[in-house]
1. Does B:LEU305 satisfy the criteria of being at negative phi and in contact with a Phe, Trp or Tyr (Cβ under 6 Å, 6 or more places away or on another chain)?
2. For the range B:95-109, which residues satisfy the criterion of being surrounded by fewer than 22 Cβ atoms within 10 Å (Cβ to Cβ) and within 7 Å of chain A (Cβ to nearest Cβ)?
3. Would you tally the residues in the range A:130-169 being closer than 21 Å to A:LEU62 by Cβ, within 14 Å of another protein chain (Cβ to nearest Cβ) and charged (D, E, K, R)?
4. Tell me which residues, restricted to the range A:87-129, are in contact with an Asp or Glu (Cβ under 9 Å, 6 or more places away or on another chain), closer than 21 Å to A:MET305 by Cβ and among the aliphatic types (A, V, I, L, M).
5. Which of the numbered conditions does A:PHE536 fail, given that it passes all the others? Conditions: (1) farther than 24 Å from A:LEU409 by Cα; (2) modelled with pLDDT under 85; (3) within 12 Å of another protein chain (Cβ to nearest Cβ).
6. Can you go through B:ASP272, B:ASP268, B:ASP168 and tell me which one is within 12 Å of another protein chain (Cβ to nearest Cβ), surrounded by 19 or more Cβ atoms within 10 Å (Cβ to Cβ) and without any contact (Cβ under 8 Å) to a residue 12 or more places away in the chain?
7. Based on this model, can you work out whether A:THR497 counts as out of contact with any strand residue (DSSP E or B) (no Cβ under 8 Å at 6 or more places or on another chain), within 14 Å of another protein chain (Cβ to nearest Cβ) and either buried (at least 22 other Cβ atoms within 10 Å of the Cβ) or hydroxyl-bearing (Ser, Thr, Tyr) (or both)?
8. Exactly one of (1) within 7 Å of another protein chain (Cβ to nearest Cβ); (2) crowded, with 24+ Cβ neighbours inside 10 Å; (3) within 18 Å of the chain's Cα centre (by Cα) is unmet by B:ALA90. Its number?
Amino acid sequence: MLRLAPLIAIAVLILPISSGVLATLLPAFGWFPALGGTTVSAEPFRELFREPGIWQSVWLSLKTGLLTTMISLGLVVAFFAAWSGTRLFERMRHLVSPLLAIPHAAAAFGLAFMIAPSGFLMRLVSPELTGFVTPPDWQILMDPGGLSMSAGLIVKEVPFLFLVTLAAMPQARAGDFHRVASGLGYGRMAGFVFTVWPQLYPQIRLAVFAVIAYATSVVDVALILGPTSPAPLAVRLVGWMGDPDLAMRFKASAGAILQLGLTVSALLIWIVLEKAGSALLQVCSLSGIRYLRDGALRWFSGGAMALAAVLVLAGLAVLAIWSFAGYWAWPDAVPRSFTLKTWMRSLDAVSGPLWITLLLGLAAMVIAIVIVIASLENEARTGRTGGSRSLWLLYLPLIMPQPAFLFGLKMFFLAFGVGTGFAALVSVHLVFVLPYVFLSLADPWRAWDSRYAQVSATLGGTRNDTFWKIRLPMLAGPVLVAAAIGFAVSVGQYLPTVLIGAGRWPTLTTEAVALASGGDRRVIGVYAFLQMFLPFAGFAIAALVPAAMFANRRAMRA
Amino acid sequence: MFRRTVIKTLAALLPAAIATSAHAVDVSDWKSVEEAARGQTVYFNAWGGAQNINDYIRWAGDEVEKRYGVKVNHVKLDDTANAVSAVVAAKAAGKDEGGEIDLIWINGENFVNMKKQGLLLTPGWADSLPNWKYVDWKNKPTITVDFTEPVEGLESPWGMAKFVFFQDTARGIEMPDSFLQLVDWTQKHPGRFTYPAPPDFIGSSFLKQALTEVVADKSVLQKPVVEGKFETVTAPLFAALDRMHPNMWRGGRTFPKNKEALRQLLADNEVDIAFAFSPAEASNAIANNELPDTVRSFVFSGGTLGNSHFVAIPYNAAAKEGALVFANFLISPEAQLKKQDPEVWGDPTVLNMDALPQDDRKAFDDLDLGVATLPPSRLGPTYNEPHASWMERLEVEWTRRYGVAN
C-alpha cells in the first residue's frame with residue numbers, strides 16, 4: 001500500500017496538469033475547433049508579440065518576481081542571523097506567524113489604504129502638518145516600476161519564508177554552531193550565515209522557488225497594487241482569457257506559454273544568482289574577517305521585519321475600522337459615524353460559503369497530508385527518492401499560470417463527464433495543496449536523524465513502531481505546519497474554485513473577490529477578516545498542539 | 001452485484017433524463033412550462049459585485065421558490081465574460097445537454113458574441129413570456145436592439161441604463177456640459193479627472209460617449225466599422241484625448257480599474273467627477289455611506305448613452321423551464337417596482353406605465369427615487385450605443401496609444 005503512495009501523488013499532479021497543459025498548448029498554436037481554429041500555426045504568438053508593450057509587461061513581471069524574492073529572502077536570512085535564539089525573535093515570531101494566514105488580496109488592500117495619497121497615513125498628518133487640503137496627486141500605488149506591488153508581495157512572502165525556515169531550524173542545530181562560531185570570534189550574523197545558513201538553504205530552496213514562481217505570475221495583488229499601463233503579463237493574460245471576444249483565447253494561450261517561459265527564466269536566473277551568492281559566501285568566510293561590527297545591521301533587520309508586520313497588521317486594523325464605518329471622508333483620520341449595517345448584511349450571506357470553504361480545505365488538506373507522509377515514509381524505507389524529476393513535477397502546479405492551465409483542465413473535465421461536483425473541486429485544490437504540503441514537509445522529514453530509527457530497531461521496534469511512536473511525534477511540529485499551510489492554500493484558491501466549481505461552490509475567497517470587484521472597502525474589511533480567520537485558526541492549532549503535546553519534554557520545544 | 005444494480009438504475013434513469021432535457025420548450029404553452037419548472041434549480045450567473053443587487057436577486061429567488069417551486073441559485077461572477085467562457089468550454093467539449101448555467105445577466109458585446117456563436121436558447125422566447133405585455137418595447141428601442149444587434153427574443157429585458165455623471169456639490173466646482181467642455185475643464189482643474197481604463201465596461205462607455213459627441217455624422221456609428229474609415233472618424237476623439245490626458249489624475253499614466261474604483265476616488269477627494277451607467281448609482285452610494293449626501297447627478301444637455309440589460313438562457317441549460325419562469329417573474333410589475341426602489345436597487349424599469357394596472361402605475365409614481373437620482377424627465381436625450389465593432393476597435397486603438405504610458 002505504502003509503495004503506491006508516490007504513484008498516487010504523481011497521478012494527482014500529472015493528470016490534471018498534463019491535460020490542462022495540452023489544452024493550453026493546442027490553442028497557443030491555433031488549434032481550437034470549437035472556436036474555428038483548425039490549422040496549426042504560429043499566428044497566436046505573432047499576434048501576442050504585436051501587442052503593445054508586451055516586452056515591458058514581461059520585464060515588469062520578471063523584475064518584480066526576482067526583486068520580491070531577493071528582498072524577502074534577504075530579510076528573513078538577516079533576521080534569523082541577527083536574532084534567532086533571542087527573546088525578540090520569539091516575540092517577532094508571534095507577530096509574523098499570523099500574517100501567513102492573511103489572504104494576499106486582503107493584505108494588499110490593507111497596505112493600499114495605508115500608503116495611498118488619500119490613505120490612512122496621509123490622513124493622520126493632513127491637512128495640519130502637510131497643508132494638503134486635497135490629497136496630493138502622487139504616484140504611490142500602481143507605480144509604473146511596480147514597487148508598491150513588490151512591497152505588497154514582500155509583506156506576504158516574508159512570513160511564508162520565515163515559517164518555512166523556522167520549520168527547518170531544529171535540524172540545523174543553530175545553537176551549537178552559534179557557540180562554535182562565537183568561540184572562534186565571529187560576529188553573530190556572520191557566524192550564522194557561514195555555518196547555519198548553508199545547512200538551511202537547501203531545505204528551504206523549494207519554497208524559494210515557489211515564491212519566485214508565484215511572484216512572477218501573481219494576479220490579485222497585481223490588480224490592486226500593480227501598474228496598469230502596461231500591467232504585468234499575468235494580469236493581461238487573464239484579461240484576454242476573459243475577453244468577450246472569444247478569438248482572444250488564442251492569444252491568451254500563447255501568452256500562457258510565454259508566462260511559463262518567463263517563470264522558468266526567472267528560476268534559471270535565480271539559480272545563477274545562487275551560484276554567485278555561494279561563491280561570495282565562500283570568499284567572505286575564507287577571508288578570515290570576523291564581521292564583528294554588525295550592530296547596525298542587526299537593528300536594521302529587526303526594524304525592517306517589524307515594519308513589514310506592522311504595516312500589514314495596521315492595514316488590516318484599518319480595514320476592520322472600515323467594516324464598521326459610516327461615510328469616512330478625506331482627511332478625517334477616523335470615520336464620522338459607525339454602523340453595524342455592513343456586518344449584518346454580510347453575515348446573513350456568509351454561512352454557506354464558510355462551510356464550503358472549511359470542508360473543502362479540510363478534505364484537500366487531509367488527503368494531501370496522508371499522500372505526502374506515505375510517500376516520504378516509503379522513500380525513507382526504500383531509500384529511493386523520486387530524484388530531481390519528481391521534484392520538477394511538484395513545481396508544475398506552482399509554475400503553470402493558473403488561468404490557462406485551468407481552462408484546459410475544465411475542458412478535460414467536461415469532456416469526461418467529471419462535471420462540477422465537490423470531488424472534482426477537491427481534486428483540483430489538491431493539485432495546489434499537495435505541492436505546498438510536500439515542499440514544506442519534505443525537507444524536515446528527510447533531515448530527521450535516522451539514527452533514532454536505528455536505536456528503535458535495536459530495541460526491537462518494528463518499522464511501524466518507529467514511524468508511529470518516534471518519527472511522527474518528533475515531526476509533529478512540521479507536519480502540523482504543513483497541514484496549516486495546505487489548508488491556507490486551499491482557502492486562498494480563487495480561479496480553480498470558480499472555474500472548476502462553476503461557481504456552484506462559493507467559498508469565502510470567491511465571494512470576497514466578487515465583492516472586491518465592487519471596491520467597497522467596508523465589505524472588503526468584513527470578508528478579509530472572515531477569510532483570514534479560518535487559516536489563522538489552522539496556524540494557531542499548528543502552534544498550540546505540539547506545545548501542549550510536549551509540555552513535559554524540554555528537548556522537543558523548538 | 002452492486003455494480004449491476006447501479007448500471008440498471010442508470011439505464012432506467014437515462015432515457016428519462018434525456019427526455020426531460022431534450023424536448024423542445026414551447027413557451028406559448030405556459031402552463032406546461034410552469035409544471036416542468038416546478039422542482040428545478042436555476043443557476044443564475046450574474047455579476048456579484050454589489051451587495052444591494054445580490055440582496056435583490058436573493059429576494060426574487062425566494063419569491064419564485066415560494067410561488068412556483070423554482071429554486072434560484074445566484075452564481076456570483078466578477079466578470080460576465082467568465083460565464084460566456086464556461087458555455088464556450090461546454091460547447092467545445094460537446095456538452096450540449098444539462099449545462100451548468102441556466103440564466104445569464106448579459107448585454108452588449110457578451111450578447112452579440114453568444115448570439116453569433118449559437119450559444120443561446122432558440123427560437124426567441126422573450127416576447128412570448130406572459131409578462132411581455134407590460135414591457136415598453138415600443139418607446140424603448142434599446143429593448144429590441146442591443147448595441148445595434150437585433151435581440152430577436154433571445155434575451156429578456158431586465159432593466160434600463162443611462163450614462164450619468166456625479167459630483168460633490170459641497171466642493172462648489174462648476175461642471176462641464178459636454179465632452180469637449182470636460183477637456184477644457186481638466187486644464188483648469190489638473191489632476192482632478194480620470195476614467196477607468198478600457199476595456200473596462202464603464203471606461204469603454206466613456207470613450208463611446210465621447211466619440212458619439214465629437215463625430216460629425218452619428219449614423220456611421222450605427223453600422224459596422226468600414227475599413228479605412230476608422231482613423232478619420234475617430235481623429236477628433238483622439239486629438240481631444242491627447243489634449244486631456246496630461247491634465248488628468250496621475251498625469252494620465254495610471255487609470256482606475258472600474259467605476260467602483262472611480263467612485264472611491266471621488267469619495268477620497270482625489271477626483272471631482274465620477275460616472276456610471278445607472279441613474280440611481282449616486283443615491284445608492286449615499287445610502288451605503290460610500291459617498292457624502294451632498295453628491296448629485298448630472299447629464300450632458302446634448303445627450304448621453306443609454307442601453308438596456310437583459311437575462312439570457314444558454315442553449316444547453318439544464319433548467320430551461322425554471323429559467324423561463326424566473327425571467328418572466330423578473331419583468332412582473334411587482335419585481336420591477338421593487339427593483340426601481342432606491343432603498344433596494346434603484347434600477348429603472350423596462351415596463352410601460354400605460355400598460356400597467358392602475359394600482360401598479362400608482363405605486364411606481366409614488367416611489368421616492370432618492371436625493372441624487374434624476375427623474376426620467378431630467379435624464380436628457382439618449383444617444384444610441386454604437387455598433388459593437390466600434391467598441392472593439394476603440395479598445396484596441398486606445399491600448400495602442402495609451403496602454404503603454406510609461
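The values are calculated or read from the model by the stated rules, or taken from the named source; none is laboratory data. What you are looking at is a predicted structure, and each value in this text was computed from that prediction instead of being measured. Every residue, glycine among them, receives a Cβ derived from its backbone with ideal geometry; neighbour counts consider all protein chains shown.
1. yes
2. The initial filter retains those residues of the range B:95-109 that are surrounded by fewer than 22 Cβ atoms within 10 Å (Cβ to Cβ), namely B:95-98.
Matches in the range B:95-109: B:LYS95 only.
3. The number of residues fulfilling the criteria is 1.
4. Matches in the range A:87-129: A:ALA108 only.
5. Single failed check for A:PHE536: (3).
6. B:ASP268
7. Details: out of contact with any strand residue (DSSP E or B) (no Cβ under 8 Å at 6 or more places or on another chain): yes; within 14 Å of another protein chain (Cβ to nearest Cβ): yes; either buried (at least 22 other Cβ atoms within 10 Å of the Cβ) or hydroxyl-bearing (Ser, Thr, Tyr) (or both): yes.
When the stated conditions are applied, A:THR497 passes them.
8. For B:ALA90, the failing item is (3).
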